[in-house]
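Notes for the one structure printed next.
The values are calculated or read from the model by the stated rules, or taken from the named source; none is laboratory data. Every value quoted in this text rests on a predicted model; they were computed, and no experiment measured them. When we count neighbours, we look across all protein chains shown, and the Cβ atoms used for this are built from the backbone with ideal geometry, even at glycine.
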Amino acid sequence: MRSKIIIFSVLCFVVPTAPAELPDNDIRGLEARHTKQKPASPNDIAQTINKLRESALEGNAAAQYRLGIHFTQSRDYNNAYKWFHKAAEQGYTKAHYMIGLSYSLGRGVPQNQEVALEWFSKAAKR
């Protein structure tokens, strides 16, 4: 029993916590220092989003999903739902989950726990 307490105590001090309270710029800077890369410039991000959008419009389900993630992070939930739904129509499992989450939280669609559960079930069955 004593060894379990010691292990737990050590883990409490060893396991780092996520910087949840940092603003986006600080997080990007922290990620850059951690990976030893420069933070992406706004121009780089815009170019990446444009390429992602082109691929999504061509029907690439992974690109549609990633575009949905981008819009979720930008808090544009209507567009996020639109792209998640396009990816889900092609059977992209992660998109099923994100649609469920959209309905569960009422982001981009009216909140509806029953519909959310249906989408979560679709994701789980894949």
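Here are the numbers for the structure shown:
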{"quantity": "First in the stretch 109-124 and closer than 17 Å to Tyr77 by Cβ, second anywhere and part of a helix (DSSP H, G or I) and of a type in the set (Phe, Trp, Tyr), Cβ under 7 Å, 6 or more apart", "calculated": "Val109/Tyr81; Val109/Tyr103; Gln111/Tyr103; Asn112/Tyr103; Val115/Tyr103; Ala116/Tyr103; Trp119/Tyr103"}
{"quantity": "Of the criteria (1) out of contact with any Pro (no Cβ under 6 Å at 6 or more places or on another chain); (2) modelled with pLDDT under 75, which one Ala32 fails", "calculated": "(1)"}
{"quantity": "Within the stretch 73-126, considering residues that are in a helix (DSSP H, G or I) and among the basic types (Lys, Arg), the one nearest to Ala56 (Cα to Cα)", "calculated": "Lys86"}
{"quantity": "Qualifying residue in the stretch 108-115 (condition: closer than 28 Å to Pro42 by Cβ, at pLDDT 95 or above and of a type outside the set (D, E, K, R))", "calculated": "yes"}
{"quantity": "Yes/no for Lys38 being outside any helix (DSSP H, G or I) and at pLDDT below 95", "calculated": "yes"}
{"quantity": "Single unsatisfied condition, Leu52 versus (1) assigned to a helix (DSSP H, G or I); (2) at pLDDT 95 or above; (3) of a type in the set (A, V, I, L, M, F, W, C)", "calculated": "(2)"}
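Yes/no per residue for (1) surrounded by 18 or more Cβ atoms within 10 Å (Cβ to Cβ); (2) within 16 Å of the chain's Cα centre (by Cα); (3) of a type in the set (A, V, I, L, M, F, W, C):
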residue	(1), (2), (3)
Gln47	no, no, no
Glu54	no, no, no
Tyr65	yes, yes, no
Ala80	yes, yes, yes
Glu89	no, no, no
Thr93	no, yes, no
Gly100	yes, yes, no
Gln111	no, no, no
